[in-house]
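Before any comments, here is the structure.
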Amino acid sequence: MSNFDGTIEDSTNVLEYKPDDVKALMRRAQAYEACERYKSSLQDVRQVIAYGVDVVGKPTYDLANGMQHRLNRVIQQLRSG
């Protein structure tokens, strides 16, 4: 997964046809984070969390939740300085 721009493009294409594809959302969120596009990553992660643990499964939910906390910290650090 080192071709992050390609991953973002591919995931976005999947999401155009299947907007609730959790796997595509998580892949795109991780690629956005790697490209330092933190707000876009956070938006995808929040969408996954909004589906709830029963829909996405505990491992994915926990990964998304951890990413959300990390992204919030990074965004806050960037704002403050």
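The values are calculated or read from the model by the stated rules, or taken from the named source; none is laboratory data. All figures in this text were calculated on a predicted structure; none of them were measured in a lab. Glycine gets a Cβ as well: all are built from the backbone with ideal geometry, and neighbour counts include every protein chain shown. For the accessible areas, the whole protein counts, side chains as well, though only heavy atoms, and no ligand, DNA or RNA atoms are used. Shrake-Rupley method; radii C 1.70, N 1.55, O 1.52, S 1.80 Å.
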Projecting the Cα atoms of I75, S41, V53 onto the charge dipole of the stretch 14-81, where Lys and Arg contribute +1 and Asp and Glu -1 at Cβ, the residue farthest towards the positive end is I75
If S2, S41 are ordered by their accessible area, calculated over protein heavy atoms with a 1.4 Å probe, which sequence runs from highest to lowest? S2, S41
To the nearest 20 debye, what is the magnitude of the charge dipole of the chain about its Cα centre, counting +1 on the Cβ of each Lys and Arg and -1 on the Cβ of each Asp and Glu? 360
